[in-house]
Amino acid sequence: MDGTNKRVLLAEDNLVNQKLVALLLKQLGLEVDVVENGKQAIKAAQETVYAVILMDCQMPEMDGFEATRAIRKLELLRGSYSPIIAVTALAMVGDRARCISAGMDDYISKPIDRQMLKIKLNHWMQKDFVQNNQELSRKYALSMEEFAMQKELPINLAELEEFYEDDLADVLKTFVETTERLIVEIQTCITRREDQNLAHMAHELKGSSAAVGAKELAKLGLYLERAAGLKDWSDARETCNALENAFFSLKRFLADRSKDDSSHGEAILPGRD
Ligand code: MN
């Protein structure tokens with residue numbers, strides 16, 4: 001582990017987890033401060049600039065998301081930045097997005113794997129990496145927040161219909177074909193580890209999805225763009241899987257709808273898949 005600051009904060013309300021993780025951290029040669037809720041975490045972060053903060057998401061009094069938002073605000077004023085690793089029992093992409101939108105940098109799931117914890121700590125205790133992410137985090141946190149709250153239909157057809165009327169089928173056909181192609185290119189970029197191309201494709205996907213109101217896809221595109229910026233390939237792969245699933249549901253949604261609608265006019269989607 002590099003650097004001079006070896007002090008880490010562990011915010012965790014579960015006593016057993018607290019003991020276990022604190023021990024792991026000490027075994028790694030780190031100094032550990034332990035708090036048991038979000039309010040105490042903010043107070044500790046006010047007093048000390050930590051090398052890393054491990055933040056349980058679910059805590060009484062104040063949860064990890066709210067505490068992270070508050071810590072990011074106070075850091076902005078102070079000009080400091082501590083990487084915050086979310087510790088969560090929820091291992092789903094939606095919750096990862098929630099962690100990122102709150103301003104967390106990374107995420108580790110419970111029960112904490114010793115080796116994984118070591119890898120993440122090593123990673124986040126490198127200064128240049130933290131600096132890079134500080135910029136990315138400020139760039140993406142706000143827009144992530146906008147997207148993270150939305151959970152509705154895969155696409156808002158009513159709104160689109162009003163706007164495009166008879167051209168809607170054509171617009172959607174183009175959108176589906178473009179997205180299909182982009183997803184293939186995204187997969188290739190991930191396999192070849194081409195981060196800049198990936199960021200570009202993810203940006204395209206985010207833009208076209210947002211344009212037709214496919215919010216889940218747009219959110220995942222944004223998330224993927226961020227993963228590309230961080231060269232976080234496991235995150236990119238995971239997000240890409242979520243993207244494929246979301247796109248699959250969207251296509252099914254459109255196909256079902258065009259079946260209902262087939263009495264008047266042409267089907268929205270070509271019959272493939
Ligand atoms: Mn908890």
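Here are some notes:
- Of all residues making up region 43-73, the number that are more than 20 Å from residue 127 (Cα to Cα) and either away from the ligand (no atom under 16 Å from the Cβ) or without any contact (Cβ under 8 Å) to a residue 24 or more places away in the chain (or both): 7
- Restricting 64, 79, 103, 3 to residues that are small (Gly, Ala, Ser), at pLDDT below 90 and within 18 Å of the chain's Cα centre (by Cα) narrows the list to 103.
- Tally, over region 200-213, of residues that are buried (at least 19 other Cβ atoms within 10 Å of the Cβ) and out of contact with any Leu (no Cβ under 6 Å at 6 or more places or on another chain): 1
- Qualifying residue in region 35-43 (condition: of a type in the set (D, E, K, R), part of a loop (DSSP other than H, G, I, E, B) and modelled with pLDDT under 95): no
- In summary, residue 116 fulfils each of the numbered conditions (1) surrounded by fewer than 12 Cβ atoms within 10 Å (Cβ to Cβ); (2) assigned to a helix (DSSP H, G or I); (3) modelled with pLDDT under 75 with the single exception of condition (3).
- Scanning region 74-89 for residues that are within 16 Å of the ligand (Cβ to nearest atom) and part of a helix (DSSP H, G or I) turns up nothing.
- Verdict on residue 98 being of a type in the set (Lys, Arg), under 30 Å from residue 243 (Cβ atoms) and either away from the ligand (no atom under 16 Å from the Cβ) or at pLDDT 95 or above (or both): no
- Hits in region 8-42 (condition: surrounded by fewer than 15 Cβ atoms within 10 Å (Cβ to Cβ), more than 16 Å from the ligand (Cβ to nearest atom) and either among the charged types (D, E, K, R) or farther than 16 Å from residue 124 by Cα (or both)): 23, 26, 27, 31
- Listed by first and then second residue, the pairs with beta-carbon distance under 9 Å, at least 6 apart or on different chains, first residue in region 98-113 and part of a helix (DSSP H, G or I), second among the aromatic types (Phe, Trp, Tyr) and modelled with pLDDT under 85, are 100/140; 101/140; 101/147.
The values are calculated or read from the model by the stated rules, or taken from the named source; none is laboratory data. It should be emphasised that the depicted structure is a prediction, and the values quoted were computed from it without experimental measurement. For neighbour counting, all protein chains shown are included, and Cβ atoms are generated from backbone atoms with ideal geometry for every residue, glycine included.
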